[in-house]
Structure formats: structure tokens, C-alpha cells
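Worksheet for the structure shown next.
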Amino acid sequence: MICRDYGDRDRLDNFQLRTIVHITQYGWSVVLVHPDADGPGWAYTIGLWHSHRAPELAMFGGDVYETEEVLNTLGRQAAEGRPPAGGDRREGAVRGQAAAFRDVDPRWYDGLLRGAVSFYRRPPLPFLQVVWPNAEGLFPWQPGTDLPFRHSQPWLWLAPTQHPAGAWTRRHTAGHD
């Protein structure tokens, strides 16, 4: 959208224009999707791939402003040449605890990461989910975690059809971003 004129710049909405300004000024933008009656909120980046050829990042559940802060910190690290990769863990990334990074299945993009798809106009682009642990340092897939915590974040490395039904599959189907 920044490097190529698709002939529709006069029809871009405020979200798209603000995203372009943020990417031009900072190298990326963070989109916040606030929690509502349908479920928890989330945040994701747009522009890391454009500016730094680093994967875009998405983080779900928790406070969206804290999530924004985590994504901005990880964005700065990517801009400094330290982008995460699928399967990585990064110590101290979330509330002083490790974060795990998982490749997002592209079938989730249109439902949960639509702003990035709209910006790039050509999925799939690389997206990583930033997964946070519980207070004991356990990730949702590890033994010892309770069911509410396991459902607090989607498991976007699974195909939507393999994901347990719940708030995240409903949001995916409804395309809430």
C-alpha cells in the first residue's frame, strides 16, 4: 500500500491512512482489537515485514495496552536485527517471563488479522503468534495449566478446523478486526 499505488489511495479509510503514517514514521503500527461481549481482545503488528523483512506479530488475550507494549518492544528488537522466528522462546518478553513464538496458519489471517491482509494486499505473509505463559511460567499446551488459561489465547498454529470451538473460532468466522 505504501510502495505501490493500487489506484485507490483516494478511497483509503482512516485506519489505513493512520497505519501508513505509523509505518512511515516508526517502521510498523500496532492494531488493537479491544475485548467485547464476544471475547478477549488482541493486538497485532502491520509493517514489520514491509520495513524490516521481519515476521508480523500477533498477541492474544490479556490487556491490549500491555500487549501493545510487548509488540512494540519486540518490533524494536526486530528493527535492530533480532526478529523472532517460529519455535523461538525469548526470555523476559512478557511480564518478565519468556514468550514463545509460533507460526500462524494463514487460514486465520482474514478472520483475525484482516488489517494486515488489507495493507499488504497479498496473503500469506509471515505472521508469528506471541504466546505468553501463566504466572507459573507454563504455556497453554503444557501439563499443569487449567482450562480457562488454555482457552485465553488461540492456538493459531493449528488450522481453524482443528482448533477447539470457542471465542477464537467464533471471532475468526465473524472476522472481528
Fewest first, what order do Asp110, Asp146, Asp105 take by the number of other Cβ atoms within 10 Å? Asp146, Asp110, Asp105
Could you compute the net charge surrounding Leu74? Neighbours are other residues with a C-beta less than 12 Å from the C-beta of Leu74; K and R count +1, D and E count -1. -2
If packing is taken as the average count of other Cβ atoms within 10 Å, what order do 85-98, 59-72 fall into, highest mean first? 59-72, 85-98
Using Cα-Cα distances under 8 Å and only pairs 6 or more residues apart, what relative contact order does the chain have, in percent? 19 percent
Please work out how much length the chain gains when fully extended from Arg170 to Arg82, using 0.36 nm per residue of separation minus the C-alpha to C-alpha distance, in nm with one decimal. 28.3 nm
Gain in length, Arg89 to Asp36, computed as 0.36 nm per residue apart minus the alpha-carbon separation, to one decimal in nm? 16.1 nm
Could you work out [θ]222 nm for the chain from helices alone, using -39500 (n - 2.57) per DSSP H run of at least four and dividing by all its residues? Round to the nearest 500 deg cm²/dmol. -8500 deg cm²/dmol
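Read-outs throughout are calculated quantities, based only on the coordinates presented, and are distinct from any laboratory measurement. Note that the structure is a prediction, hence the values are computed from the model and not measured. Cβ coordinates were reconstructed from backbone atoms using ideal geometry, including for glycine residues, and neighbour counts include every protein chain displayed.
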